[in-house]
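Trainee: One structure, as structure tokens, below. Some questions next.
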Amino acid sequence: MACAKWIGPAALLLAGALGAKAAPGQASARTLADFECDVRLTNQHRASVRALVRIAHADQRPAITFTLVRYPGLAVSGIRVTNGQGSAVPTTMAIENAALLLRADARAAGEGTERETVLVVHYEVNALRGRLARIPLPVPAARSAFGQRPVSITVDLPEGAVPLGDDFPAITWRSPTRGYARLSDVPSLAMIVWRPAGSSSLAGRLFTPPALTDAGMLLILLTGTVIWWRRRKAGATRLKQPSQARE
Amino acid sequence: MSALSFHFLLVLLVYFFCIFTIGILGLRKTHTEDDFLTASRTIGPWVGGAVLAATQISAGTLVGTVGRHYSTGVSWVWIWPGVWCGWLISAVFVGPKLREFGAITIPDYLGARFESEAVRGLSALFIVLGYTILLVAQYQACGVIVQAIFGVRPIWAMLLLAASTLVYTIPGGVRSSSYIDFLQILIVASGMLLAAPVLVYHFGGIHLAGEFLGSLDGRLTGWWYNWKQLLGYSMAFGFSIAAAPYEMARFYSMRDKATVRYAIGVCFLFQAIIGACALLIGLLTRALFPQLPSADQASSIMALNVLPPLAGSLFIVALISAIMSNVNAILLVASAGLSHDLYGKIVNRRASDQRRLRLNRLCIVLLSLAPIWFALRRYGDVQSIVVVEARFLASFFFVPVVFGLNWIRGKGTAAVCAMVGGFAGCLFWSLWAAARTTNIDAVEVGIAASATLYFLVCALGRAPRGEGPPAALRAGN
């Protein structure tokens with residue numbers, strides 16, 4: 001039939017239209033253009049965070065909400081939001097279960113073009129008990145453009161520190177005390193595991209969760225294949241009931 | 001070269017070496033169309049179970065379901081009971097009886113059962129169209145994954161996917177793909193089993209993650225969907241699984257009907273593991289990366305930024321391999337619809353076995369390229385495209401397949417009416433409900449229309465003479 005060739009494309013267009021309607025909304029009028037975060041660990045219990053955020057938006061400068069994870073035993077203090085020139089931006093704080101919400105009124109930012117807002121978030125993080133491992137990062141309510149990598153995180157450790165390689169996100173250590181990560185999206189936390197020089201054992205450096213995860217995966221793959229191969233050779237995979245004759 | 005790039009290339013090379021070797025070994029044992037489409041019916045229960053799971057666990061699960069959990073939270077997990085009900089229906093009412101029937105393809109079975117070439121042709125045509133939609137979802141998922149990880153344009157990822165799948169699909173057919181599916185399901189299951197605890201460790205605990213997700217949006221840990229919506233989605237997946245041609249075609253490669261039942265049980269086990277892990281991975285990725293531009297990126301971002309390099313590389317290979325196995329299964333069934341059913345049984349009945357085999361391989365190449373154009377346009381997220389395809393597939397095939405196997409009444413007219421009515425009902429409701437708020441899913445309307453027409457036409461037709469099933473149902477005994 002002459003019209004048969006259009007059935008396929010028409011069906012696919014229809015499916016696509018129906019599918020687009022069914023998908024939960026992901027659209028955003030704001031785009032994360034840049035996120036530069038500096039995390040400085042002064043000792044095993046304390047860190048400071050400074051995050052410069054650049055957001056492109058279609059409307060007039062909106063209020064930008066940042067979300068931080070609230071960890072038990074972790075205190076976030078000294079929170080202030082400024083524009084790129086250091087002037088304070090009016091900010092309200094709200095606590096919801098395990099999240100701390102910062103709402104910065106960017107109309108007072110007074111910098112940049114009308115279609116771009118620059119904000120800088122500063123705060124200190126203190127571990128009330130034990131070592132400080134997970135540091136919450138300020139996640140803005142804006143998404144990066146598809147395929148872009150606007151997020152950069154720089155981590156500075158105290159002098160003499162030794163990173164153990166169990167980081168999130170994956171950090172590239174350019175020197176023993178300075179590391180760097182480039183991502184497409186803002187993570188809600190940075191996890192840095194380190195020890196003062198001379199305090200970590202060889203086992204501690206070798207048997208890290210990443211190494212154990214890699215080993216576990218290989219073990220499962222090899223074990224499954226070997227078990228199946230040996231059972232197959234022994235005929236154990238054939239069912240006990242007599243099978244019907246091949247057709 | 002970064003750690004991930006090196007590990008990924010190494011893992012990818014080893015993986016492709018394995019699958020190409022299996023493909024070549026399969027070629028040496030594939031001489032006839034029967035060898036190509038049914039592996040000479042030699043597949044056992046564990047490989048068979050892995051095949052069924054790998055065929056269903058595709059980008060729709062690893063990218064789509066993880067992404068849906070990322071964007072809507074816990075409530076999406078309730079579609080799995082629907083999937084498992086579909087497998088139960090298949091185990092009791094479909095799989096063993098279909099295997100006993102002894103055909104090569106699903107249109108083969110339908111054409112013989114209903115003694116109608118119109119039913120054969122219609123079902124073959126719908127398989128080609130419907131599975132082209134599913135291929136669009138697979139290609140789109142591949143494009144998203146590769147672009148998110150490597151920044152490569154989706155078109156190149158899609159072409160690479162098509163080429164690499166063709167390399168092992170064309171030589172060895174179902175035999176090669178069965179053993180490759182077994183390898184793939186091992187990789188997928190192990191990758192997901194290990195990813196979940198790593199995510200929990202990085203965030204700092206499941207309880208805390210749940211509270212944080214509740215702070216982002218209360219519906220993530222509650223009910224994003226109401227029970228009627230979940231019922232509709234469950235039914236779409238369940239009915240489509242029970243009568244999915246690319247799953248049913250795999251039954252023909254198994255040794256006997258006992259093997260089919262055992263394999264479905266093995267498939268359950270793999271799916272339970274993967275379904276639970278998909279839930280955890282989706283939720284925890286949302287806790288770790290709350291503002292991804294697309295929920296479909298959740299799996300690849302998790303593999304890239306959370307897992308260690310080797311595990312992350314294996315997981316990415318698992319993602320790609322799941323897509324490849326699904327593409328492989330779809331291509332085998334769709335190309336058989338064109339070459340074996342439409343050409344070999346309707347257009348040219350005197351075509352030789354070798355001619356049909358050559359045409360089958362040519363159709364695989366053509367069908368692998370067609371969906372790329374649509375996938376590049378990204379009409380919807382991956383899970384939505386899969387849901388749409390599942391709705392139409394279920395509305396078209398469920399009633400004639402299940403009732404055809406289990407009820408002696410029903411001829412070609414009833415089957416044609418059921419197929420066309422189911423498709424039309426599903427289509428009408430999809431378009432009509434698109435602009436309205438309704439809790440009735442299109443698959444419910446499609447199945448109802450299909451069943452109503454089937455029983456109505458059967459009631460209006462003549463009852464079968466004598467006792468016992470029609471000759472076609474006795475063919476496999």
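The values are calculated or read from the model by the stated rules, or taken from the named source; none is laboratory data. Bear in mind that the values here come from a model prediction, so they are computed numbers and not experimental data. Cβ: placed from backbone, ideal geometry, glycine included. Neighbour counts: every protein chain shown.
Trainee: Cβ-Cβ below 6 Å, separation at least six or inter-chain, first residue in region B:279-298 and among the basic types (K, R), second part of a helix (DSSP H, G or I): which pairs?
Mentor: B:R286/B:Y70
Trainee: Please work out which residue is nearest to the other protein chains (Cβ to nearest Cβ), limiting yourself to region B:369-383 and to residues that are in a helix (DSSP H, G or I) and over 13 Å from B:G64 (Cβ atoms). Quick ask: steps written out before the conclusion?
Mentor: So in region B:369-383, the residues in a helix (DSSP H, G or I) come out as B:369, B:372-375, B:382-383.
Checking the rest, the ones that are also over 13 Å from B:G64 (Cβ atoms) come to B:369, B:372-375.
Values: B:L369: 13, B:I372: 12, B:W373: 9, B:F374: 5, B:A375: 10 Å.
By that ranking, first place goes to B:F374.
Trainee: From (1) more than 8 Å from chain B (Cβ to nearest Cβ); (2) of a type in the set (D, E); (3) buried (at least 17 other Cβ atoms within 10 Å of the Cβ), pick out the condition that doesn't hold for A:E159.
Mentor: Against the list (1) more than 8 Å from chain B (Cβ to nearest Cβ); (2) of a type in the set (D, E); (3) buried (at least 17 other Cβ atoms within 10 Å of the Cβ), A:E159 comes up short only on (3).
Trainee: For region B:359-373, check the following and say yes or no: at least one residue is in contact with a Gly (Cβ under 7 Å, 6 or more places away or on another chain), in contact (Cβ under 8 Å) with a residue 40 or more places away in the chain and closer than 20 Å to B:Y139 by Cα. Write out each step before concluding.
Mentor: As a first pass, look at region B:359-373 and keep what is in contact with a Gly (Cβ under 7 Å, 6 or more places away or on another chain): none.
So far as region B:359-373 goes, no, none of its residues is in contact with a Gly (Cβ under 7 Å, 6 or more places away or on another chain), in contact (Cβ under 8 Å) with a residue 40 or more places away in the chain and closer than 20 Å to B:Y139 by Cα.
Trainee: Here is a list of conditions, (1) facing chain A (nearest Cβ under 9 Å); (2) within 30 Å of A:T213 (Cα to Cα), and B:I206 meets all of them except one; can you say which number that is?
Mentor: (1)
Trainee: With the requirement that a residue be of a type in the set (G, A, S), more than 25 Å from A:A141 (Cβ to Cβ) and surrounded by fewer than 24 Cβ atoms within 10 Å (Cβ to Cβ), what does region B:191-231 give you? Please lay out each step first, then the result.
Mentor: Looking only at region B:191-231, we keep the residues that are of a type in the set (G, A, S), and these are B:191, B:195-196, B:204-205, B:209-210, B:214-215, B:218, B:222.
With the extra rule that they be more than 25 Å from A:A141 (Cβ to Cβ), the set shrinks to B:191, B:195-196.
Residue satisfying the conditions is B:A196 alone.
Trainee: Considering region B:89-124 alone, what residues qualify as being in contact with a Pro (Cβ under 9 Å, 6 or more places away or on another chain) and surrounded by fewer than 21 Cβ atoms within 10 Å (Cβ to Cβ)?
Mentor: Selection gives B:E115, B:G121.
Trainee: Considering region B:249-259 alone, what residues qualify as being in a helix (DSSP H, G or I) and surrounded by fewer than 24 Cβ atoms within 10 Å (Cβ to Cβ)?
Mentor: Result: B:K257, B:A258.
Trainee: I want to confirm something. Restricting to region A:153-167 and keeping residues that are over 18 Å from B:P308 (Cβ atoms) and in a loop (DSSP other than H, G, I, E, B), which single residue is modelled with the lowest pLDDT?
Mentor: Ranking the candidates gives A:G160 first.
Trainee: Would you confirm whether any residue within region B:132-148 is within 11 Å of another protein chain (Cβ to nearest Cβ), in contact with a Lys or Arg (Cβ under 7 Å, 6 or more places away or on another chain), assigned to a helix (DSSP H, G or I) and in contact (Cβ under 8 Å) with a residue 40 or more places away in the chain?
Mentor: For region B:132-148, residues within 11 Å of another protein chain (Cβ to nearest Cβ), in contact with a Lys or Arg (Cβ under 7 Å, 6 or more places away or on another chain), assigned to a helix (DSSP H, G or I) and in contact (Cβ under 8 Å) with a residue 40 or more places away in the chain: present.
Trainee: Against the condition more than 24 Å from A:G73 (Cα to Cα) and more than 12 Å from every other protein chain (Cβ to nearest Cβ), how does A:S175 come out, does it pass? Break it down into steps so the answer makes sense when it comes.
Mentor: On the way: more than 24 Å from A:G73 (Cα to Cα): yes; more than 12 Å from every other protein chain (Cβ to nearest Cβ): yes.
Yes, satisfied.
Trainee: Of the residues B:V386, B:V306, which single one is touching a residue at least 40 places away in the same chain (Cβ under 8 Å), buried (at least 24 other Cβ atoms within 10 Å of the Cβ), in contact with a strand residue (DSSP E or B) (Cβ under 8 Å, 6 or more places away or on another chain) and within 14 Å of another protein chain (Cβ to nearest Cβ)?
Mentor: Details: B:V386 fails: in contact with a strand residue (DSSP E or B) (Cβ under 8 Å, 6 or more places away or on another chain).
Going through B:V386, B:V306 in turn, the sole match is B:V306.
Trainee: Continuing with this model, one more query. From the list B:V420, B:V445, B:V365, which one is over 30 Å from B:Y70 (Cα atoms), more than 20 Å from the chain's Cα centre (by Cα) and among the aliphatic types (A, V, I, L, M)? Break it down into steps so the answer makes sense when it comes.
Mentor: On the way: B:V445 fails: over 30 Å from B:Y70 (Cα atoms); B:V365 fails: more than 20 Å from the chain's Cα centre (by Cα).
Just one listed residue meets the conditions, B:V420.
Trainee: Is it true that B:I170 is over 22 Å from B:G380 (Cβ atoms) and surrounded by fewer than 24 Cβ atoms within 10 Å (Cβ to Cβ)?
Mentor: Working: over 22 Å from B:G380 (Cβ atoms): yes; surrounded by fewer than 24 Cβ atoms within 10 Å (Cβ to Cβ): yes.
Yes: the conditions hold for B:I170.
Trainee: Then there's this: Considering only strands (runs of 3 or more DSSP E) fully contained in region A:31-145, which possess at least 3 residues that are over 24 Å from A:V155 (Cβ atoms) and within 14 Å of chain B (Cβ to nearest Cβ)? Don't jump to the end; show me each part of the working.
Mentor: On the way: elements: A:46-57, A:63-69, A:74-83, A:91-96, A:99-105, A:116-127, A:134-136.
Of the strands (runs of 3 or more DSSP E) lying wholly inside region A:31-145, those with at least 3 residues that are over 24 Å from A:V155 (Cβ atoms) and within 14 Å of chain B (Cβ to nearest Cβ) span A:91-96.
Trainee: Still on this structure, please answer the following. Please name all residue pairs, on different chains or six or more residues apart, with Cβ atoms under 7 Å, provided the first residue is in region B:12-38 and is modelled with pLDDT under 75 and the second residue is polar (S, T, N, Q) and not in a helix (DSSP H, G or I).
Mentor: That search, which allows pairs on different chains as well, returns B:F36/B:T30; B:L37/B:T105; B:T38/B:S253.
Trainee: Looking at B:P81, B:P96 in this structure, which one is part of a helix (DSSP H, G or I), in contact (Cβ under 8 Å) with a residue 24 or more places away in the chain and within 20 Å of B:R41 (Cα to Cα)?
Mentor: Numbers: B:P81 fails: within 20 Å of B:R41 (Cα to Cα).
None of the other options fit; the residue is B:P96.
Trainee: Let me ask something else about it. Looking only at region B:289-301, how many residues end up being closer than 14 Å to B:V188 by Cβ and either touching an Asp or Glu at 6+ places or on another chain (Cβ under 7 Å) or surrounded by fewer than 24 Cβ atoms within 10 Å (Cβ to Cβ) (or both)?
Mentor: Here the count works out to 0.
Trainee: When the residues of region B:259-303 are narrowed to those that are among the small types (G, A, S) and over 17 Å from B:V74 (Cβ atoms), which ends up farthest from the other protein chains (Cβ to nearest Cβ)?
Mentor: Residues of region B:259-303 among the small types (G, A, S): B:263, B:265, B:272, B:275-276, B:278, B:282, B:287, B:294-295, B:298-300, B:303.
Okay, now just the ones that are also over 17 Å from B:V74 (Cβ atoms), so B:263, B:265, B:294, B:299-300, B:303.
Working: B:A263: 10, B:G265: 11, B:S294: 6, B:S299: 14, B:S300: 10, B:A303: 11 Å.
If we take residues in region B:259-303 being among the small types (G, A, S) and over 17 Å from B:V74 (Cβ atoms), then B:S299 is farthest from the other protein chains (Cβ to nearest Cβ).
Trainee: Quick check, is B:L199 within 10 Å of chain A (Cβ to nearest Cβ) and in contact (Cβ under 8 Å) with a residue 40 or more places away in the chain?
Mentor: On the way: within 10 Å of chain A (Cβ to nearest Cβ): yes; in contact (Cβ under 8 Å) with a residue 40 or more places away in the chain: yes.
Yes; evaluated as a whole, the condition is true for this residue.
Trainee: Among B:D181, B:D256, which is more than 9 Å from chain A (Cβ to nearest Cβ) and among the charged types (D, E, K, R)?
Mentor: Working: B:D256 fails: more than 9 Å from chain A (Cβ to nearest Cβ).
Criteria check complete, one pass: B:D181.
Trainee: So, in region B:309-340, of the ones that are at the interface with another protein chain (Cβ under 10 Å from one of its Cβ atoms) and touching an Asp or Glu at 6+ places or on another chain (Cβ under 9 Å), which residue ends up surrounded by the most Cβ atoms within 10 Å (Cβ to Cβ)?
Mentor: So, considering only residues that are at the interface with another protein chain (Cβ under 10 Å from one of its Cβ atoms) and touching an Asp or Glu at 6+ places or on another chain (Cβ under 9 Å), the one surrounded by the most Cβ atoms within 10 Å (Cβ to Cβ) is B:L314.
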